[in-house]
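**Q** The structure's right below; bear with me while I get my questions together.
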Amino acid sequence: MLPLLAKSYALAGALAAPGRTRRIMALKDRHRGERCFLLGNAPSLLDFDLSKLAGEQFFVVKKGYKALEHGLPAPIPYYVLSDLRGWDRIKADVSTLPVGAYLVRDTIAAKPEFRPPAERVVTFPSYRGGLRKQGFRHHPWQGLGNDSTVILFAAQIAFYMGFAEAYILGVDLDYSQDTTYFYAAGQTET
């Protein structure tokens, strides 16, 4: 019964927005068997020689593009945004970044300030709850929830894209540090 129910939800999601669904489905197994790096925004990101990511597939999230100032190679293959927290601080930069593909939730794509070239944007529908509440989403055109970190949003997309290995950098779990992000000091953004 459950597989049939899952298939009917997948079909309903695909029929609701066929263009968006085609763009998401085009990502399926695009990088089968390859490795990728998922880059967070924590201070430990600066402990790595980011220039070594040249030629690698990697995802940056939110203000991760600021790592370009610290040796991250351009263009950024995948830039991921899943929520509007901090939108006012990044909206001026987002549409002009050296990015191969923007992987964003529909709440971001709907913002009037978000206007990168349409052919580089893949929009995922919103879904209430994340991995903790709804579990892993095998059909991302049904929607991807937002967990406590955008890295989980990126990880589900990377899995869907067929990456065999994913290395997570810059996701520090200790927020009692002097700096919370690699690009700014303090606890003001948490």
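**Q** Determine which single condition P112 fails, assuming it passes every other condition in (1) at pLDDT 90 or above; (2) surrounded by 12 or more Cβ atoms within 10 Å (Cβ to Cβ).
**A** With (1) at pLDDT 90 or above; (2) surrounded by 12 or more Cβ atoms within 10 Å (Cβ to Cβ) applied to P112, the lone miss is (2).
**Q** Right, something else. Identify the residue in region 25-65 that is over 22 Å from E119 (Cβ atoms) and aliphatic (A, V, I, L, M) and, among all such residues, is surrounded by the fewest Cβ atoms within 10 Å (Cβ to Cβ).
**A** For region 25-65, the residue satisfying everything is A54.
**Q** Does L68 qualify as being assigned to a helix (DSSP H, G or I) and surrounded by 14 or more Cβ atoms within 10 Å (Cβ to Cβ)? If you could, list the steps in order and put the result at the bottom.
**A** Numbers: assigned to a helix (DSSP H, G or I): yes; surrounded by 14 or more Cβ atoms within 10 Å (Cβ to Cβ): yes.
Spelling it out, L68 is indeed assigned to a helix (DSSP H, G or I) and surrounded by 14 or more Cβ atoms within 10 Å (Cβ to Cβ).
**Q** Determine whether G145 is under 14 Å from the mean Cα position of the chain (by Cα) and open to solvent by less than 60 Å² (accessible area, probe 1.4 Å). Please lay out each step first, then the result.
**A** Values: under 14 Å from the mean Cα position of the chain (by Cα): yes; open to solvent by less than 60 Å² (accessible area, probe 1.4 Å): yes.
Against the criterion (under 14 Å from the mean Cα position of the chain (by Cα) and open to solvent by less than 60 Å² (accessible area, probe 1.4 Å)), G145 qualifies.
**Q** Among the residues that make up region 22-40, is at least one of them assigned to a helix (DSSP H, G or I), of a type in the set (K, R) and under 25 Å from L144 (Cα atoms)?
**A** Initial filter on region 22-40 (assigned to a helix (DSSP H, G or I)): 22-25.
Filter again for of a type in the set (K, R), leaving 22-23.
Next cut, under 25 Å from L144 (Cα atoms) only: 22-23.
Yes, some residue in region 22-40 is assigned to a helix (DSSP H, G or I), of a type in the set (K, R) and under 25 Å from L144 (Cα atoms).
Residues are listed down the side, and each one gets a yes or a no for (1) under 17 Å from the mean Cα position of the chain (by Cα); (2) of a type in the set (S, T, N, Q); (3) at pLDDT below 90; (4) farther than 26 Å from R128 by Cα:
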position	(1), (2), (3), (4)
L5	no, no, yes, no
A14	no, no, yes, no
L27	yes, no, no, no
R35	yes, no, no, yes
N41	yes, yes, yes, no
E56	yes, no, no, yes
A67	yes, no, no, yes
Y79	yes, no, no, no
V94	yes, no, no, no
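**Q** Right, here's the next one. Name every residue in region 45-56 that is touching a residue at least 12 places away in the same chain (Cβ under 8 Å) and either touching a His at 6+ places or on another chain (Cβ under 6 Å) or part of a helix (DSSP H, G or I) (or both), in order of residue number.
**A** L45, L46, L50, S51, L53 - these are the residues of region 45-56 that are touching a residue at least 12 places away in the same chain (Cβ under 8 Å) and either touching a His at 6+ places or on another chain (Cβ under 6 Å) or part of a helix (DSSP H, G or I) (or both).
The values are calculated or read from the model by the stated rules, or taken from the named source; none is laboratory data. Quantities reported herein were computed from a predicted structural model and do not represent experimental measurements. No Cβ is skipped: glycine too gets one built from the backbone with ideal geometry, and neighbour counts run over all protein chains shown. Ligands, DNA and RNA are stripped out before the accessible areas are found, and what is left, the full protein with its side chains, is counted by its heavy atoms. Shrake-Rupley method; radii C 1.70, N 1.55, O 1.52, S 1.80 Å.
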